[in-house]
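Every read-out reported here was derived from the displayed coordinates using simple, explicitly stated rules and does not represent laboratory data. Keep in mind it's a predicted model, so treat the numbers as computed, not measured. A quick note on method: Cβ atoms are made from the backbone with ideal geometry, for glycine too, and the neighbour counts reach across all protein chains shown.
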Amino acid sequence: MGIRFILMVNKQGQTRLAQYYEYLTLEERRALEGEIVRKCLARTEQQCSFVEHRNYKIVYRRYASLFFLVGVDNDENELAILEFIHLLVETMDRHFGNVCELDIMFHLEKAHFMLEEMVMNGCIVETSKSNILMPIQLMDKTS
Amino acid sequence: MSGPSIMETLFQRTLEDLIKGIRLQLIGESAFISKAMEEIRKEIKSTDLQTKSIALQKLSYLSPLHFVDMSWAAFHCIECMSSPRFAQKRIGYVAVSQSFNEHTPVLLLITNQLRKDLGSVNEFDAGLALDCLANIATVDLARDLTPEVFTLLGSSKVSVRKKAIGVILRVFEKYPDAVRVCFKRLVENLDSPDSRILSAAVGVFCELASRDPRSYLPLAPEFYRVLVDSKNNWVLIKVLKIFAKLAPLESRLAKRVVEPICDHMRRTGAKSLMFECIRTVVSSLSEYESALKLAVLKIRELLMDEDPNLKYLGLHALSIVAPKHLWVVLENKEVVIKSLSDSDSNIKFESLRLVMAVVSESNVVEISRVLLNYALKSDPEFCNVILGSILSACSRNVYEMVMDFDWYVLLLGEMSRIPQCQKGEDIENQLIDIGMRVRDARPELIRMARSLLIDPALLGNPFLYRILCAAAWVCGEYVEYSTNPFELVEALLQPRTSLLPPLIRAVYLQSVLKVLTFCIHSYLRNKSSGLFPFTDNLEGVVSESMSKGKTQEASDLPTPAQDDVFNPRISDDNPYEDLPLENNGEDSKFDSFEKNGFTRESIVNLLNLIELAVKPLLGSLEVEILERAQNVLGLIELIRQEFPDQLSPRKEILAKEESEVSKLIRSMNDAFCEELGPVSVTAQDRVRVPEGLVLEENLKELDTICGDIQPSTSSFFAPRYGERIEESLASDLQNGEDSEPSRESTSLLIEHRKRHGLYYLPSSASNDYPLANDLRSGENDRDETEDFVRLTAQSLAPKKKPNYSKPRPVVVKLDEGEVTLSVASKKPSSKYDLLSGVIQDVLQETNLMDKSSRKGKEKVSSDVPQGSKENVQDPEDPRREKSGLRKSKHRSHGKERKHKDPDQVDGKKDGKSERAREKSSHRHGRKKTRQRAEGPLNVSAQTPVIPDFLL
């Protein structure tokens, strides 16, 4: 499976984006997000960015007020996932220009679109920023 | 619903309005959202697709972020999905991917729409459909759309082809037969010059290989080429993961890849790739010394890094390598032990895991000491994790690691006194278990129990109740090792025991009864045996334990003062003061024993004390307490008849020596002296089923279901009729006394044992306990980290046999040499088995059919003459095809369990399930033989594929 879910959560613990690659019911999602947010937001900058949770790992990284949390299988490469998070942020940055929480809130569908280009079925399939952004730019142009 | 009014469409709130509204709302978020939901429900029914799609867009925004149910809108999703306008179509697809699952009733309706979009000339339509399929594909969808996906696998548009590759994983998972159609094309994509396609394909193979590596061994040449040629770190990481799975299966392959991997490790600047190389080497290639050394060097760099992420990963890599190459951990022990006090709990846990990995019988004492000191300093959570891991490490395999049980019992006592300790239940179980299993530990056990019991402060801590319960039980059960039973009674009845929960208090009372019986018995025995009071077995035990260096402690006790406490009413008048003196004259060696005071006076004091403390409990509402209190008081009542008042002359008592009471006491004591032993987990199996009792046949199925639930040995008790009975019987005979009742009871017991002896321990086993001596190794209580490091430096050094001053005491084990309950082996789910079966088939065909065309292009195998390969494979072919045929026949049976690895299955299967299997239908039997036949075949059929690449 590789990546199981990707969450973006702000400092107050509100979910800003949630993308799951396995089916969970709403209740399961709510419980999961609650647990994870409680676990990860309590950690300090000096602590490492990997948290073991249930039978998988969460790799997370904080950018300003937003936490990017990625749930991965135990044998996934943690550093690569950190790079993936960074790539995602850079891509959004290139598209929105100085991306911030509000951009993601108001353009959630674009953020999802980027993720769709980058990840399929929990596998990372695209790592080039221009390739990821190409369809979005086309869409913007036509609409 | 009327048609869409123009007003509705004009004044519909857009998603942006909704988001702004949520941010600015004044009525509370949930109220605002439920209002918005009302709107959405209305709007979504609109016949205008634009209105509908915006409503759906809002719904799919709210659903994941505010946990709003959207399953009711499934049909609306489908409507939007089929819109000709891309924007609306996209909204529909997003909603479908988000909300559909296998149980969505309208799922079947989307097959055609998906097919249409998959075949669309517009690459974005196809992309949407593929994304959607990747999220929601079910068995039906996967089966129906396999042809379309297959077409797209060869698409000339890179973005579509890439997504088609991504979707394949889900399709294979749901519909294994798709492999027959798509696998060849998927493999061809590994040759693609486009890095995006390659990266997607490698990602898919990485996932596939992690589930069933063996099937992908034939593809090793392709992966090898990627490993050598690719410059993309993402791809390299995935390929390394594949090799980590394949290398252990094929040593020639491992030999081949170890060099390129080391090259990457040396050259790369990317930490992620370097770490993946390290992980691959330590997990799968650790037998290659040079590679391992390089990896260890890199691990050290990670450990020394400031970045907590790298440090954590360094520790993680160590824990992978630890089971096979302990020396790597030992080399880095300073870092590991220092990390125990890291501010990051993840790092602490990881280093604790490592420390536990190096524990052995030679260093368990030192490591436990170090860990206990860390536990004292840590937060409650980590403290208990530390305690838990010490407890489980030491008790592993029936205390395999513990050489010195006196030390271990003291350690348990020390743990109990740590304020944050919440491991009461574990410690309780171990105390009782050790009491039953290790005879030599009992004196120390009772000393430790005593020190816990007499401390009134401990009764205030609810986490300790379970431990106190065990301590009370130990005191009652092994009272003969006690130096001062009176003190025990006093501790068991102290006023603060009212804080205990009723059931534990009941244990306390039961122990009082046992101690009382023991005291009276010893007193009577003492009297009756006249001039030779110490030939008696029981007292012999006491005196023996006294001579083991405990005399000092015992004589330190201010016994007379204790007596005062026992019963202040009589203490000032003591007519039997001369009694101890008389015995003193007899033998000064037993001085302290007499101070214990099995004197008439002290017994009377004891009775008074117990009566005083237990009487109020008759008002208890708890049955257990009430009943036990009644027992104790009833016994005292009986004894009182023999001790009418304290002033009665001694002769009278001697005359009444053989009265009812002494008989009673003797038999009670005998009963209490039966040793409780651990019971074998398999004991139940050895009981024959009585005739006429029909056990439900169906229950056998439980074995497969509950196979992994193992009852813990420590929680079963049963009386063990050891040599003690026989000894007491013998001594009774020796003494030539009339011991009718006791003989009666013991003979009954012996008879019982004869009948059920099958599953009791042989009595001879307990006869040869070596005597433990009390040499205590000096304890170390330095508590600076540096000291620990130095300390462990000695202990971690791999020495073979520790020099212990005493032999390890016998630990009673029951299940040695027997078949332990087999834990049902974890079988990969049948789905993957099916998948791997098909893949093996397909690979076989591929290799036969287009080997010449495909391999010809490859550099790696180009120097290999094709003929040789054909020769190697030819003999296998007919059999392979047959097995493939049979396999497909089998698949038609649906979701039957199919075991991939016959060795594993045969090896681990326990008798019962085998029997069950034999009983089951004929088809099963046939299947098994097929598996047997196929097992070696697989290996022999696959291995020839690789050699030509390796040579």
Packing-based ranking, highest mean first, of B:168-181, B:39-52, A:20-33 given that Cβ atoms within 10 Å are counted: B:168-181, B:39-52, A:20-33
Starting from the Cα of A:Ser130, step 7 Å along the direction of its Cβ; do the same at B:Leu376; then give the gap between the two resulting points in nm. 6.5
Please compute, for peptide B:64-70, the average count of beta-carbon atoms on other protein chains lying within 10 Å of each residue's beta-carbon. 5
Take the cross-link list A:Lys57/B:Lys377; B:Lys45/B:Lys89; B:Lys231/B:Lys293; A:Lys110/B:Lys116; B:Lys89/B:Lys174 and give me the ones stretching past 20 Å between alpha-carbons. A:Lys57/B:Lys377; B:Lys231/B:Lys293; A:Lys110/B:Lys116; B:Lys89/B:Lys174
Which entries in the list A:Lys39/B:Lys58; A:Lys11/B:Lys271; B:Lys338/B:Lys813; B:Lys238/B:Lys348 go over 32 Å, if you measure between the two C-alpha atoms of each? B:Lys338/B:Lys813
Shape of the stretch A:1-103 from its Cα gyration tensor (a ≥ b ≥ c, root eigenvalues): rounded if a/c is under 1.5, otherwise prolate when a/b > b/c, or oblate? rounded
How many Cβ atoms of partner chains, on average, are near each residue of A:69-79 if near means within 10 Å of its Cβ? 4
Ranked by how many other beta carbons lie within 10 Å on average, peptides B:455-464, B:95-104 from highest: B:95-104, B:455-464
Note: A:107-120 gets an average of partner chain Cβ contacts (10 Å, Cβ to Cβ) equal to 5
To the nearest 0.05, how large is the calculated FRET efficiency for B:Arg496 and B:Lys20 if R₀ is 60 Å and r is the Cβ-Cβ distance? 0.40
R0 = 45 Å: FRET efficiency of B:Glu287 with B:Val139, Cβ-based, nearest 0.05? 0.60
Which of rounded, prolate, oblate describes the stretch B:10-154, given a ≥ b ≥ c as roots of the alpha-carbon gyration tensor eigenvalues and a/c under 1.5 marking rounded, otherwise prolate only if a/b is larger than b/c? prolate
Once R0 is set to 30 Å, what does the formula 1/(1 + (r/R0)^6) return for the Cβ-Cβ distance between B:Asp69 and B:Val181, expressed as a FRET efficiency to the nearest 0.05? 0.20
